[in-house]
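Asks: I am attaching a structure below and will ask some questions about it afterwards.
Taken together, the values in this text are just the output of simple stated rules run on the coordinates, not laboratory data. Everything numeric here is computed off the predicted structure, so don't read it as measured data. Glycine also receives a Cβ, built like all others from the backbone with ideal geometry; neighbour counts cover every protein chain displayed.
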Amino acid sequence: MNPPQKTTALSFLTLVLLVGCWNPFAPTEGILEGEASLILTEQRSPDEVLQNFRYAYIYRDSLVYSELFDTSFVFLYFDPDIGGAGGYDYWGRDTELRTTGRLFRAFDHFTLVWNATIATDTSQSGGISLTKTFDLSIGGEFFLSGNAVFDFVSDPEGIWRISRWQDESFF
């Protein structure tokens, strides 16, 4: 091989190696349509738990989602079909994880925005309660907004998790 061919071959090989390490179809981690980066946290505060909650929805990550909830977790929601006038019902952690896992598989796109914190209660023994307003778009077809009341507990290592979530969505 003469010198110009060696230079061309070496340049081509370098280009292949550099491009081979980059996937142009992969999403840029943590960057969302013009927003600040969204990164996973260590859940050292209730706000960090909610950041991971949003991350799990946006990236449809059921493993991250499963780490948000305490083993004693209860989801409380209003069911308009109970008793004619409606009433509250609930389910536990296992049902929450199965239900949300199915939701993540059924839709390709979620947008979750936490808005204002409208109430904070730190009087709970060892825990905190936050009421947040939210907007959720599911697949660009379904839209929910309302309030979510979260109770958080911390484990001995200082990791916070959700122990109770009361959904107050507006229908």
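Asks: What is the local net charge at residue 66, summed over the other residues whose Cβ is closer than 12 Å to its Cβ (Lys, Arg +1; Asp, Glu -1)?
Replies: Cβ neighbours under 12 Å give a net charge of -2.
Asks: In addition: Between residue 141 and residue 117, how high is the FRET efficiency from 1/(1 + (r/R0)^6) when r is the Cβ-Cβ distance and R₀ = 45 Å? Nearest 0.05.
Replies: Approximately 0.95, to the nearest 0.05.
Asks: Once you sort the root eigenvalues of the Cα gyration tensor of the range 43-155 as a ≥ b ≥ c, which label holds: rounded (a/c under 1.5), prolate (a/b larger than b/c) or oblate (the other case)?
Replies: Cα axes put the range 43-155 in the rounded bin.
Asks: Moving on to the next point. Set Lys and Arg Cβ to +1 and Asp and Glu Cβ to -1, take the dipole of the range 41-170 about its Cα centre, and tell me which of 162, 104, 74 lies farthest positive.
Replies: 104
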